[in-house]
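Here's the structure we're looking at; comments come further down.
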Amino acid sequence: MKAVEVTNLTKNYGKNTAVNDVSFTIEKGDICGILGPNGSGKTTIIKSICNLIIPDKGVIKLFNKDNYKAIENISAVFEGTRNLYWRLTPRENLRYFAGIRGLGGRKIESRIDELLERFNLSEKRNATKNSHSYDISK
Ligand SMILES: Nc1ncnc2c1ncn2[C@@H]1O[C@H](COP(=O)(O)OP(=O)(O)OP(=O)(O)O)[C@@H](O)[C@H]1O
Ligand SMILES: [Mg+2]
């Protein structure tokens, strides 16, 4: 049984091709590593599999179902530090993830406030890594 099947995946960011026609399969029970130099497209592949970004070309299947219909097969994804999130403030991060889940507009702002409060981040809600008030490495 194929757990992950990526076929002809291509993703462009403007003129930059991040992933160029990549295909691979991972069998159920296998452990797989994706290796490559910085900027070679590893994270873009993972994000495509998780349906966090939409590829320009290609088909991605999880247990034989299109990935966007089979997202329940992904338990957790741990990310490195070289990505978008640390460039966003805590508030912007929550808005970003709400957007991915199809939530937006004014109604989510109070929910964001609640979550910031719950995780003790209200004071840092608009902080960025570069504002020196929020050190993500700690
Ligand atoms: N959101 C984005 N907007 C524009 N370009 C992006 C975006 N995300 C990634 N890229 C570009 O796409 C290419 C692939 O990036 P990606 O992050 O997938 O590589 P990576 O292999 O995960 O790198 P690293 O080892 O640094 O984590 C790089 O040229 C990167 O600059
Ligand atoms: Mg990466």
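The values are calculated or read from the model by the stated rules, or taken from the named source; none is laboratory data. Everything numeric here is computed off the predicted structure, so don't read it as measured data. Don't worry about glycine lacking a Cβ; one is built from the backbone with ideal geometry, like all the others, and counts go over all protein chains shown. Keep in mind that these areas ignore ligands, DNA and RNA; they rest on the heavy atoms of the full protein, side chains included. Shrake-Rupley method; radii C 1.70, N 1.55, O 1.52, S 1.80 Å.
Where only protein heavy atoms count, and the probe is 1.4 Å, what is the accessible area per residue for the range 23-80 in Å²? Intermediate results must be reported in sequence, preceding the final value.
Numbers: 3970 Å² over 58 residues.
For the range 23-80, the solvent-accessible area averages 68 Å² per residue.
Taking 25 Å as the limit for the C-alpha separation, the pairs K2/K57; K65/K107; K47/K124 exceed it in the case of K65/K107; K47/K124. Between the range 19-49 and the range 1-18, the alpha-carbon centres lie 8 Å apart. A cut-off of 5 Å between modelled amide H atoms, ignoring neighbours fewer than 5 places along the same chain, links K57 with T10.
Can you put C50, C32 in order of accessible area, largest first, using a 1.4 Å probe? Intermediate results must be reported in sequence, preceding the final value.
Values: C50 20, C32 70 Å².
So, going from the largest accessible area down, we get C32, C50.
Take every pair of alpha-carbon atoms less than 8 Å apart whose residues are at least six positions apart; their mean separation over the length of the chain yields a relative contact order of 20 percent.
What's the longest bit of the chain with no exposed chymotrypsin sites (Phe, Trp or Tyr not before Pro), using DSSP loop states and at most 15 other Cβ atoms within 10 Å as the test? Intermediate results must be reported in sequence, preceding the final value.
On the way: sites that count: F63, F78, F119.
The reported range is 1-62.
The portion of the accessible surface of the range 2-73 made up by carbon and sulfur, rounded to a whole percent, is 51 (1.4 Å probe; DNA, RNA and ligands excluded). Using a probe of 1.4 Å, the accessible surface attributed to R125 totals some 100 Å² when neighbouring protein chains are kept in position. The C-alpha atoms of the chain define a longest principal axis, and helix 107-118 lies at about 80 degrees to it. Accessible area ranking (1.4 Å probe, heavy atoms, ligands and nucleic acids excluded), largest first, for R91, R111: R111, R91.
Which value, in debye to the nearest 20, gives the size of the charge dipole of the chain about its Cα centre, when Lys and Arg are +1 and Asp and Glu are -1 at the Cβ?
On the way: 23 positive and 15 negative charges, 57 e Å.
In debye, rounded to 20, the chain gives about 280.
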